[in-house]
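The values are calculated or read from the model by the stated rules, or taken from the named source; none is laboratory data. As the structure is a computational prediction, the values presented were derived from the model and not from experiment. Ideal geometry is used to build each Cβ from the backbone, glycine not excepted, and the neighbour counts take in all protein chains shown. Surface accessibility is based on the protein's heavy atoms, side chains included, excluding ligands, DNA and RNA. Shrake-Rupley method; radii C 1.70, N 1.55, O 1.52, S 1.80 Å.
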Amino acid sequence: MTASLPRQASPPDEPKRPPEDPRHKFRRRALTLLIIVLLIGVPAGYLVISANQSRDSGKQKEEKYSATGLTSGWPSRVQRRLYQVPIPTNATDIAYYETNNWKTSRLYVQFGTTDDDLDKFLADVGTNRNALKKADITISGRDQKVVGWKFTGPGPWSGLVHEQKDPAPTQDIVVNWSQPQHPMVYVVSRTIP
């Protein structure tokens with residue numbers, strides 16, 4: 001003997017539904033498909049467009065900054081603080097350039113200053129004038145090439161490397177003394193992110 005479940009009857013107050021018209025069935029399915037496409041397709045399309053715009057924007061910024069080299073003016077306060085480059089307030093001919101990659105970030109800065117402000121700058125960095133070695137170009141050829149510096153003009157020149165423990169930056173500093181009382185300072189400050 002097989003047991004069967006009793007069939008549940010429809011409620012007596014609910015009228016019977018007529019069979020669905022094929023046209024109505026088609027419209028209902030088309031509307032459902034349209035809603036699914038809109039719910040999935042529109043956000044997916046937006047993500048693709050947004051990703052392409054973001055990638056293109058990054059490429060444009062990279063091209064812009066790699067083509068310009070030094071930018072005339074002050075680096076931001078955040079850059080100066082992060083790379084520990086305390087440019088004197090009375091400095092002249094200020095220009096900078098920043099590079100970042102997965103291994104090392106660098107800030108290139110040049111400025112003209114006075115003897116007194118040079119001493120203050122070196123003290124703020126954590127060194128002094130006695131650490132400068134005559135005729136020592138401490139900024140590498142690679143770093144010179146990045147911003148177009150050539151330390152071959154009239155001198156005398158002197159330089160120093162101010163090394164610090166990570167994460168504090170290391171600064172390569174070169175000073176041109178060709179204009180007495182108004183040295184020109186070149187700094188490459190590098191930090192490991």
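When the Cα atoms of the stretch 76-176 are aligned to their principal axes, the ranges along those axes come out at 36, 26, 26 Å in descending order. The residues of the stretch 153-193 present an accessible area of 48 Å² per residue when probed at 1.4 Å with all protein chains retained.
Sequentially through the stretch 140-149, phi angles give Karplus couplings (6.51, -1.76, 1.60; θ = phi - 60°) of 5, x, 4, 5, 4, 5, 4, 10, x, 7 Hz, Gly and Pro residues having no value and appearing as x. Taking chymotrypsin sites (Phe, Trp or Tyr not before Pro) across the stretch 83-129, the ones in a DSSP loop with at most 13 further Cβ atoms lying within 10 angstrom of their Cβ are Trp102. Applying both filters, DSSP loop and at most 11 other Cβ atoms within 10 Å, to the trypsin sites (Lys or Arg not before Pro) of the stretch 138-193 gives Lys150, Lys165.
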